[in-house]
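Participant: Got a structure here, written out as structure tokens. Questions coming.
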Amino acid sequence: MECTFYPHSFPSISLLMMRNYKSAYKVARRLRGEGSQAESSGGCVGKLIWPILWKLCIPNKIKIFGWRACNDILPTKGNLVKRKIITDDKCHICTRKVESAIHALWDCAAVQDVWAGSIAKLQKGVTDFSDFMQLMEHLVDRLSIEEMELFWVQCWLIWNQRHCVLYGGQLKHPTSLNKRAEEFLEEFKHAQVSLDGKLREQRIDDAWQPPPPMEYKLNFDAAIFSGQEKSGIGAIIRNDKGEVMAGMSAIGPKVDTSEEAELLACRRSIEFAVDAGFTRLVIEGDNSNVMQAISSNVANYSFLGNVVDDIRHLMSNLQWTTTSKIRRGGNKVTHVLAQHARNLDYDLYWLEDSPPPAMEALYQDLILL
């Protein structure tokens, strides 16, 4: 089924820019409760889990781990059996229950001992959660930001210990794990003290800048994958407040040169923007030759001239457009999305949402505005 999305239909405040994530989450839960049917974790409640998680001051690898746990895509025995990789789905520690994310990190008898020694709000009470997303809904109402950070660090340590035991290691005492979680979090926060200051020292020429009011900026980038019969294309559309309107991580054809990859990415990105209903665009890329070629009126007789002509034709059909060259340092979001296509089997599109693979780069762009 094909749908057309128009810019005026997007919310005025994106998920990424929300000032109070927990309040927004509670509103989403209330709206879900008022509906005739409960939404899945992919609905409005699920969409707010990632912004809450991303706001935490914990390592990115733990944020990704948390996102995978909430989406039930951790390599648990239960999931590996479903994928026909192994045949035994029982937890290798308690040997009684199927190893799912909620069991491995919350319900297992060995894990209960860890949570029993944690802070009061994390000590085990309710145990009948159907999945990890349901547990998160419960904890969001109970935990402060700092307590949520401790929770995820502890989950990550528990997961690592399970792998250690699987390959012959010994279970650590629950007190040791709880102490390590607190120490790990303190060490990480101490190391992050100067991070924001260093980011702000970045040259203004390297920083992404928003488009004029009432306009939208389309950034694009390409990636060439050595040894693969494909390339990667990344695109992001943002408004004058830096809010994400749409994003794409797509598979492109095999190419021979970076200029060919960038031109094909430019054409594909503009087509994506047009299909999504955007007609007033600042088109921005980091390849000088490409940006000069598409903004020039001079006929292009190179072997890529037909692609340049296609791009110019697409631009001529927009209500308003201009082009802009940006340094690679300011184009990190689309660089990440283009690289993300390396392991994709199909294209990914985000509308009214911020692409999870590029959340760190989006955050860095925002704090530099």
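The values are calculated or read from the model by the stated rules, or taken from the named source; none is laboratory data. Predicted model only: the values in this text are computed from it and were never measured. A quick note on method: Cβ atoms are made from the backbone with ideal geometry, for glycine too, and the neighbour counts reach across all protein chains shown.
Participant: Sort out which residues of region 249-270 are over 18 Å from Asn287 (Cβ atoms) and touching a helix residue (DSSP H, G or I) at 6+ places or on another chain (Cβ under 7 Å), and write them in order of number.
Facilitator: Ser249, Ile251 - these are the residues of region 249-270 that are over 18 Å from Asn287 (Cβ atoms) and touching a helix residue (DSSP H, G or I) at 6+ places or on another chain (Cβ under 7 Å).
Participant: Just to be sure before I move on: is Phe278 part of a loop (DSSP other than H, G, I, E, B) and buried (at least 20 other Cβ atoms within 10 Å of the Cβ) in the structure I sent?
Facilitator: yes
Participant: Where the second residue is modelled with pLDDT under 85 and in a helix (DSSP H, G or I) and the first is within 12 Å of Leu105 (Cβ to Cβ) and lies in region 123-137, which pairs have Cβ atoms under 7 Å and are six or more apart or on separate chains?
Facilitator: Short answer, once both residue conditions are applied: Met136/Ile49.
Participant: Taking the conditions exactly as written (assigned by TED's automatic domain parsing to the domain that holds Asp256, surrounded by fewer than 18 Cβ atoms within 10 Å (Cβ to Cβ) and modelled with pLDDT under 95), does Ser316 satisfy them or not?
Facilitator: Criteria not met by Ser316.
Participant: Identify all residues within region 235-271 that are assigned to a strand (DSSP E or B) and touching a residue at least 40 places away in the same chain (Cβ under 8 Å); write none if there are none.
Facilitator: Passing the criteria: Ala235, Ile236, Ile237, Val244, Met245, Ala246, Gly247, Met248, Ser249, Ala250, Ile251, Gly252.
Participant: Quick one: is Asn297 free of Cβ contacts under 8 Å to residues at least 60 places away in the same chain, outside any helix (DSSP H, G or I) and surrounded by fewer than 16 Cβ atoms within 10 Å (Cβ to Cβ)?
Facilitator: Yes; evaluated as a whole, the condition is true for this residue.
Participant: Return only the number of the condition from (1) surrounded by 19 or more Cβ atoms within 10 Å (Cβ to Cβ); (2) more than 29 Å from the chain's Cα centre (by Cα) that Thr76 does not satisfy.
Facilitator: Against the list (1) surrounded by 19 or more Cβ atoms within 10 Å (Cβ to Cβ); (2) more than 29 Å from the chain's Cα centre (by Cα), Thr76 comes up short only on (2).
Participant: Right, something else. Can you run down the residue pairs with Cβ atoms below 7 Å, 6 or more apart or on separate chains, where the first is in region 346-369 and in contact (Cβ under 8 Å) with a residue 60 or more places away in the chain and the partner is small (Gly, Ala, Ser) and surrounded by fewer than 19 Cβ atoms within 10 Å (Cβ to Cβ)?
Facilitator: Leu368/Ala207
Participant: Return the residue satisfying two criteria in turn: it lies in region 324-362 and is among the charged types (D, E, K, R) and not in a loop (DSSP other than H, G, I, E, B), and of such residues it is surrounded by the fewest Cβ atoms within 10 Å (Cβ to Cβ). Explain how you work it out, then say what you get.
Facilitator: If we filter region 324-362 for residues that are among the charged types (D, E, K, R), which is where we start, we get 325, 327-328, 332, 342, 345, 347, 352-353, 360.
Keeping just the survivors that are not in a loop (DSSP other than H, G, I, E, B) gives 325, 328, 332, 342, 360.
Details: Lys325: 14, Arg328: 11, Lys332: 21, Arg342: 14, Glu360: 16.
Out of the qualifying residues, it is Arg328.
Participant: Taking region 276-301 as the region of interest, how many residues are farther than 22 Å from His335 by Cα and touching an Asp or Glu at 6+ places or on another chain (Cβ under 9 Å)?
Facilitator: Total meeting the criteria: 3.
Participant: Follow-up question, since we're still on this one. Check Leu157 against each of (1) more than 19 Å from Ile58 (Cα to Cα); (2) touching a helix residue (DSSP H, G or I) at 6+ places or on another chain (Cβ under 6 Å) and name the one condition it does not meet.
Facilitator: Among (1) more than 19 Å from Ile58 (Cα to Cα); (2) touching a helix residue (DSSP H, G or I) at 6+ places or on another chain (Cβ under 6 Å), the lone unmet condition for Leu157 is (1).
Participant: Would you mind stating whether His92 is assigned by TED's automatic domain parsing to the domain that holds Leu56 and part of a loop (DSSP other than H, G, I, E, B)?
Facilitator: Against the criterion (assigned by TED's automatic domain parsing to the domain that holds Leu56 and part of a loop (DSSP other than H, G, I, E, B)), His92 qualifies.
Participant: So is Ser100 buried (at least 21 other Cβ atoms within 10 Å of the Cβ), at pLDDT 90 or above and hydroxyl-bearing (Ser, Thr, Tyr) or not?
Facilitator: Yes, satisfied.
Participant: Here's another thing I want to ask about it. Is it the case that Ala110 is part of a helix (DSSP H, G or I), among the small types (Gly, Ala, Ser) and within 26 Å of Pro51 (Cβ to Cβ)?
Facilitator: Against the criterion (part of a helix (DSSP H, G or I), among the small types (Gly, Ala, Ser) and within 26 Å of Pro51 (Cβ to Cβ)), Ala110 does not qualify.
Participant: A further question on this structure: Pick from Ala235, Ala299: which is small (Gly, Ala, Ser) and either within 30 Å of Pro51 (Cα to Cα) or at pLDDT 95 or above (or both)?
Facilitator: Criteria check complete, one pass: Ala235.
Participant: So, one more: So which residues in region 222-266 are surrounded by 18 or more Cβ atoms within 10 Å (Cβ to Cβ), over 17 Å from the mean Cα position of the chain (by Cα) and either within 18 Å of Gln364 (Cα to Cα) or not assigned by TED's automatic domain parsing to the domain that holds Lys325 (or both)?
Facilitator: Asn239
Participant: Of a type in the set (Ser, Thr, Tyr), in a strand (DSSP E or B) and modelled with pLDDT of 95 or more, is that true of Thr321?
Facilitator: The answer is yes for Thr321.
Participant: Any idea which of (1) among the charged types (D, E, K, R); (2) assigned to a helix (DSSP H, G or I); (3) modelled with pLDDT under 90 is the one Glu149 doesn't satisfy?
Facilitator: (3)
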